[in-house]
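The values are calculated or read from the model by the stated rules, or taken from the named source; none is laboratory data. What you are looking at is a predicted structure, and each value in this text was computed from that prediction instead of being measured. With ideal geometry, Cβ positions are generated from the backbone for all residues, glycine too; neighbour counts draw on all protein chains shown. When the accessible area is computed, the model is the full protein with side chains, heavy atoms only, and any ligands, DNA or RNA have been set aside. Shrake-Rupley method; radii C 1.70, N 1.55, O 1.52, S 1.80 Å.
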Amino acid sequence: MSDDAPPLREIRINPIVPNESVLVATARGMRPRKAEEPAPRDTRKHVETCPFCRGNEDKTPPTIAAYPDEQDWHIRIVENLYPVLGDNRDTSSLVFGLQQAMDGYGRHEVLVDHREHGIGIHEMSEAHLIMLFGAYRDRMEQLYASNPRLKYVLVFKNFGPAAGASIPHTHSQIIAMPVVPENVHNEVENSREHYRKHHRCIFCALIDEALTFEATIYDRESGAIRRKISVGQYVVERGRRFIAIKPFASRFEWEIHILPLVHQSDYLHVTQDDLQDFARVLKRTMARLDTVIGGAQYNFFLHSQPRGAEHADCGPSYHWHLEICPRTSIPTGFELGSGLFVSTISPEAAAARLRAVELPPESD
Ligand SMILES: [Zn+2]
Ligand SMILES: [Zn+2]
Ligand SMILES: [Zn+2]
């Protein structure tokens with residue numbers, strides 16, 4: 001959709017989680033959201049007093065794992081100093097919208113993503129990103145194997161003060177828990193229901209739709225063309241094995257999901273070859289985002305098939321993905337109260353702007 005497209009005002013229902021919806025209102029003046037004060041991110045390479053910078057390893061809890069090795073690490077995993085849940089803590093500080101009462105068993109760990117203090121994902125080499133996402137996979141596997149009571153290992157990253165990162169050094173977190181977070185639970189249940197009715201993975205269906213759907217929507221009264229949906233209009237980046245798409249009903253204006261093109265429910269099944277393509281798609285996607293929104297601050301969440309007997313049958317219906325949620329505005333009272341998110345740019349227009357970014361030639 002070009003910039004002179006007629007203003008859009010419609011409520012879009014998330015096809016995977018129908019009780020999540022977004023009001024797309026692109027008319028000029030529709031600015032119900034308060035723009036985030038641009039909190040500049042810390043781009044320094046090394047900070048003497050930072051516990052995650054090299055030389056300060058003794059200021060953090062002991063190393064659980066390091067890549068490629070502990071002496072010359074590029075990635076380090078340590079216990080979180082302030083865990084939301086631990087081997088024998090109570091549950092009072094749990095804030096994840098979890099489904100049921102639980103005992104507080106779990107693990108909360110921090111990954112120092114890179115030696116360089118303020119480096120962004122789009123500035124890391126593909127080789128480094130392969131190592132990072134391989135570290136996630138290894139640690140998830142070890143944690144699941146460590147205790148059969150664990151139902152979910154959540155990997156996420158808060159990048160930049162607007163995204164809630166309390167420590168400026170680039171890092172991500174791993175929380176292993178005995179329940180499934182509510183948003184993953186909703187995706188798992190709804191996609192299973194979809195599979196029961198249609199014998200198809202809804203994520204695969206959405207990828208197909210993003211790649212091939214073409215339609216013209218006419219105004220019923222005047223017969224004028226209201227909207228043309230053309231091939232690939234939700235696609236931001238496409239690799240051999242992965243695709244980055246702008247969801248049709250995104251909660252966040254610049255939200256992007258990266259999914260494997262071929263159905264795969266469990267992140268633990270990714271191969272090194274998969275990760276190679278994933279790293280390239282991720283780096284290019286983040287570079288596009290950084291160019292378009294400038295100094296992107298974001299959260300990402302890795303969503304994969306949960307453990308436990310009640311989830312054993314969701315292999316054909318669930319499809320793992322990385323959700324990237326840039327923080328460009330603060331939700332308004334209306335959004336928080338109604339649960340209806342407002343987007344002032346249409347996902348089609350957002351995808352077009354991201355696609356239009358000219359990336360530097362690939363070197364690594
Ligand atoms: Zn640092
Ligand atoms: Zn699928
Ligand atoms: Zn998800």
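Based on this model, can you work out whether ARG41 counts as closer than 26 Å to ILE130 by Cβ, at pLDDT 90 or above and either of a type in the set (Asp, Glu) or in a loop (DSSP other than H, G, I, E, B) (or both)? So ARG41 fails the test.
Among the residues of region 140-188, those identified as within 16 Å of ligand 3 (Cβ to nearest atom) and assigned to a helix (DSSP H, G or I) are MET140, GLU182, ASN183, VAL184, HIS185, ASN186, GLU187, VAL188.
The set of residues in region 199-257 that are away from ligand 3 (no atom under 16 Å from the Cβ), part of a strand (DSSP E or B), open to solvent by less than 30 Å² (accessible area, probe 1.4 Å) and closer than 22 Å to LEU302 by Cβ comprises VAL235, VAL236, GLU237. ALA162 fulfils the conditions (1) buried (at least 22 other Cβ atoms within 10 Å of the Cβ); (2) touching a strand residue (DSSP E or B) at 6+ places or on another chain (Cβ under 8 Å); (3) over 22 Å from HIS74 (Cα atoms) except for a single criterion, (2).
Pairs meeting the criteria (first residue in region 258-285 and more than 16 Å from ligand 1 (Cβ to nearest atom), second residue of a type in the set (Ser, Thr, Tyr), beta carbons under 7 Å, at least 6 apart or on different chains) are ILE258/THR285; SER265/TYR318; ASP266/SER304; TYR267/SER304.
Looking for whichever is small (Gly, Ala, Ser), on the phi < 0 side of the Ramachandran plot and modelled with pLDDT under 90 here; the options are ALA205, ALA210. Which one fits?
Within the list ALA205, ALA210, the selection yields ALA210.
Based on this model, can you work out whether ASP90 counts as open to solvent by 20 Å² or more (accessible area, probe 1.4 Å) and either at pLDDT 95 or above or not in a loop (DSSP other than H, G, I, E, B) (or both)? When the stated conditions are applied, ASP90 does not pass them.
Within region 108-138, how many residues turn out to be surrounded by 18 or more Cβ atoms within 10 Å (Cβ to Cβ), within 21 Å of the chain's Cα centre (by Cα) and farther than 16 Å from GLN272 by Cβ? Qualifying residue count for the region: 12. Among the residues making up region 332-343, those that are in contact with a strand residue (DSSP E or B) (Cβ under 6 Å, 6 or more places away or on another chain) and surrounded by 15 or more Cβ atoms within 10 Å (Cβ to Cβ) are GLU335, PHE341, VAL342, SER343.
Could you pull out the residue among ARG196, ARG288 that is modelled with pLDDT of 95 or more, open to solvent by 60 Å² or more (accessible area, probe 1.4 Å), over 19 Å from SER304 (Cβ atoms) and not aromatic (Phe, Trp, Tyr)?
Working: ARG288 fails: open to solvent by 60 Å² or more (accessible area, probe 1.4 Å).
Result of the check over ARG196, ARG288: ARG196.
I'd like to verify a number: residues in region 9-28 that are open to solvent by less than 30 Å² (accessible area, probe 1.4 Å) and not polar (S, T, N, Q), how many? Matching residues across region 9-28 total 7. Of all residue pairs spaced 6 or more apart or on separate chains, those with beta-carbon atoms under 6 Å, a first member in region 345-359 that is within 15 Å of PRO6 (Cβ to Cβ) and a second member that is in a loop (DSSP other than H, G, I, E, B) are ILE345/GLU253; SER346/LEU8; SER346/THR26; GLU348/MET1; GLU348/GLN233; ALA349/MET1.
Would you confirm whether any residue within region 190-212 is in contact with a Cys (Cβ under 8 Å, 6 or more places away or on another chain) and under 30 Å from GLY120 (Cα atoms)? Scanning region 190-212 turns up no residue that is in contact with a Cys (Cβ under 8 Å, 6 or more places away or on another chain) and under 30 Å from GLY120 (Cα atoms).
Looking across region 305-331, the residues that are open to solvent by 10 Å² or more (accessible area, probe 1.4 Å) and in contact with a Pro (Cβ under 9 Å, 6 or more places away or on another chain) come down to ARG307, GLY308. For HIS169, the criteria (1) open to solvent by less than 10 Å² (accessible area, probe 1.4 Å); (2) farther than 15 Å from PHE301 by Cα; (3) within 16 Å of ligand 2 (Cβ to nearest atom) hold in every case but one, which is (3).
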